[in-house]
Amino acid sequence: MKSKKLKKFVLTLIVLFSLFFIATEVCIMKYLKEYGYGIKELPQTTLVYFRLSNGFTVGETDSQTIFIGRSEYIYDKLFEKNGYYESDGMGMDLFYSKIGEIKENNHTYDFRIYLSDDWCHWFRIYYIGKNYPIENF
């Protein structure tokens, strides 16, 4: 008798987890399409949402790398761990400098990160200096 109840309980948990996972994937895919991305970015975006990844590069411009990262801004701690501090910020533009380096003025920095308006509960699109891809952090 207990064996049947246990099997039913485990099966119910598996079904509920599967439904949650499928619903999450559908919602993430909806926003990826809205922002110009597709199925290719879905697995890595899912890892970002479940906090198994800090982000991944999806493209480049002449001076910036575009990456998908977490919707909440966690990168201060990540950059600090790698020797950078936030030296300045204006709105959604944040500027980072190497810890311990003396700069000529307050407007000199090593790289900039821009938090785009393209974001949802599951992820956000960021722009970072071309020589500083998120995978290096």
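A few remarks follow.
- Asp117 - accessible surface, heavy atoms, 1.4 Å probe, Å² rounded to 10: 110
- Debye-sum result for the stretch 1-41 in log10 I(q)/I(0), which assumes one identical scatterer on each alpha carbon, at q = 0.26 Å⁻¹: -0.80
- Cβ-Cβ FRET estimate between Glu60 and Lys81, R0 fixed at 25 Å, reported to 0.05: 0.55
- With R₀ fixed at 25 Å, the C-beta to C-beta distance from Tyr114 to Lys33 puts the FRET efficiency at about 0.65.
- Debye intensity ratio I(q)/I(0), log10, the stretch 39-137, q values 0.13, 0.14, 0.20, 0.21 Å⁻¹ (C-alpha model): -0.44, -0.51, -1.00, -1.09
- Total charge dipole magnitude, the stretch 54-116, about the Cα centre, Cβ charges on Lys, Arg, Asp, Glu only, Debye to nearest 20: 200
- Sum of side-chain charges, Phe79 neighbourhood, beta-carbon under 11 Å (Lys, Arg +1; Asp, Glu -1): -1
- Lys/Arg +1, Asp/Glu -1 at C-beta; the chain dipole; positive extreme among Phe79, Val10, Leu94: Val10
- Once the Cβ-Cβ distance of Lys40 and Leu19 is raised to the sixth power relative to R0 = 35 Å, the FRET efficiency obtained is 0.90.
- Cut-off under 5 Å, modelled amide H: who pairs with Ile74 long-range: none
- Carbon-plus-sulfur accessible fraction, the chain (probe radius 1.4 Å, protein heavy atoms only): 59%.
- Using alpha-carbon coordinates, inclination of helix 2-34 to the longest axis of the chain, degrees: 40
- Using the rule -39500 (n - 2.57) for each DSSP H run of four or more residues, divided by the residues of the chain, the 222 nm mean residue ellipticity is -11500 deg cm²/dmol.
- Gap separating the Cα centres of the stretch 1-44 and the stretch 54-116, nearest whole Å: 33
- Relative to the Cα centre, the charge distribution of the stretch 2-131, modelled as +1 at Lys and Arg Cβ and -1 at Asp and Glu Cβ, gives a dipole magnitude of about 1460 debye.
- Sequence-separation-based contact order of the stretch 1-126, relative, with Cα cut under 8 Å and 6+ spacing, percent: 18
- Each of Ile68, Phe21, Gln44 was scored by the projection of its Cα onto the charge dipole of the chain, and the greatest displacement toward the positive side belongs to Phe21; charges sit on the C-beta of Lys, Arg, Asp and Glu.
- Lysine pair count for the stretch 1-133 [Cα-Cα under 26 Å; pairs on different chains or 8 or more apart]: 11
The values are calculated or read from the model by the stated rules, or taken from the named source; none is laboratory data. What you are looking at is a predicted structure, and each value in this text was computed from that prediction instead of being measured. Positions of Cβ are backbone-derived with ideal geometry, glycine not excepted, and every protein chain shown enters the neighbour counts. Side chains are part of the model used for accessible areas, which takes the heavy atoms of the whole protein and leaves out ligands, DNA and RNA. Shrake-Rupley method; radii C 1.70, N 1.55, O 1.52, S 1.80 Å.
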